[in-house]
Amino acid sequence: MELNERQGKILDIVKKHGPITGENIAEMLDVTRAALRPDLAVLTMSGYLDAKPRVGYTYKSDGMANKIDKLLRQYRVKDIMSMAVVVKEKCSIYDAIVTLFVEDTGSIFVLDNEGYLNGIVSRKDLLKTTLGQADIHKVPVSVIMTRMPNIITATVDDMVVEVTKKIVEHEVDSLPVVKCFIGTNNEEKYEVVGRVTKTNIARLLLDLACK
């Protein structure tokens with residue numbers, strides 16, 4: 001795995017000062033703890049670092065890191081993704097809430113009239129709306145959804161490690177897995193073919209640990 005400049009600095013710090021907390025690493029690099037979260041997640045998943053609660057990060061041998069990195073890079077999104085939960089943009093907020101609970105999911109992907117990805121609505125979005133004054137039986141979910149192009153997506157061939165970095169960096173529960181098409185007006189359209197979630201990733205790690 002090719003590390004970026006900050007990831008290399010993190011490894012040097014942990015080698016010299018480990019065990020060391022994320023807060024202390026951030027302080028030494030003069031950045032926020034949140035800014036380091038994606039890099040620490042990638043380094044931990046790739047086997048370069050070991051993270052222990054109340055102890056901090058410690059450096060793991062290169063041999064073990066390379067072995068774990070090679071193993072993880074065998075897996076793509078298509079190997080772990082699950083079925084997407086979708087609704088049409090005219091769906092009411094009330095029906096979206098029902099769908100959320102029936103399907104036991106954290107986010108719902110919203111499709112336009114042609115069946116392409118147009119937005120995403122999360123559990124938090126729906127909760128905020130129900131606490132307001134909106135008539136959730138009449139207001140469509142399109143009013144509160146996050147719209148394209150402000151949606152982070154994944155493809156079936158993305159590496160699990162890179163998708164995990166996206167999820168951590170953007171602080172979301174899941175990503176829509178899409179196929180991209182070019183429309184009649186040369187605009188990009190996205191067909192939703194699945195979703196990749198924190199649970200999908202956790203199951204993969206558990207499966208690997210139990211082998």
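The values are calculated or read from the model by the stated rules, or taken from the named source; none is laboratory data. What you see is a predicted model; the values in this text were computed from it and never measured. Neighbour counts run over all protein chains shown; Cβ positions are idealised from the backbone, glycine included. For the accessible areas, the whole protein counts, side chains as well, though only heavy atoms, and no ligand, DNA or RNA atoms are used. Shrake-Rupley method; radii C 1.70, N 1.55, O 1.52, S 1.80 Å.
Hydrodynamic radius of region 25-145 by the Kirkwood approach over all distinct alpha-carbon pairs: 17.9 Å.
Quick one: compute the contact order of the chain, relative version, from alpha carbon pairs under 8 angstrom and 6+ residues apart, as a percent.
The value is 20 percent.
Taking the centroid of alpha carbons for each part, region 1-52 and region 108-165 are 32 Å apart.
When the solvent-accessible area of the chain is split by element, carbon and sulfur atoms take up 51 percent of it, the probe being 1.4 Å. To the nearest 10 degrees, how steep is helix 33-45 against the longest Cα principal axis of the chain, on a 0 to 90 scale? The angle comes out near 70 degrees.
With a Förster radius of 35 Å applied to the beta-carbon distance between residue 187 and residue 16, the computed FRET efficiency rounds to 0.10.
Pairwise inverse Cα distances across the chain, averaged and inverted, put the Kirkwood hydrodynamic radius at 19.1 Å. Largest accessible area first, the listed residues 101, 181, 109 line up as 101, 181, 109 when surface is computed with a 1.4 Å probe on the assembled protein chains. For region 109-185, GluC sites (Glu not before Pro) are listed when DSSP marks them as loop and at most 15 other Cβ atoms sit within 10 Å of their Cβ; the list is 114, 171. Phi angles across region 173-179 convert, under the Karplus curve 6.51 cos²θ - 1.76 cosθ + 1.60 with θ = phi - 60°, into 3J(HN,Hα) values of 8, 7, 10, x, 9, 10, 10 Hz, Gly and Pro given as x.
Amide H contacts under 5 Å for residue 194: 84, 177, restricted to partners 5 or more places along the chain or on a different chain, H placed in the peptide plane at 1.01 Å from N. Each residue of region 5-16 was assigned a 3J(HN,Hα) from its phi angle through the Karplus curve 6.51 cos²θ - 1.76 cosθ + 1.60 (θ = phi - 60°); the sequence is 4, 5, 4, x, 5, 4, 4, 4, 5, 5, 4, 7 Hz, with glycine and proline shown as x. Against the main long axis of the alpha-carbon atoms of the chain, helix 62-72 sits at an angle near 20°. Working note: Karplus 6.51/-1.76/1.60 with θ = phi - 60° gives region 135-140 the couplings 7, 5, 7, 10, 6, x Hz, where Gly and Pro are set to x. Note on the chain: helix-only mean residue ellipticity at 222 nm, from DSSP H runs of 4+ residues weighted -39500 (n - 2.57) and normalised by residue number, equals -12500 deg cm²/dmol.
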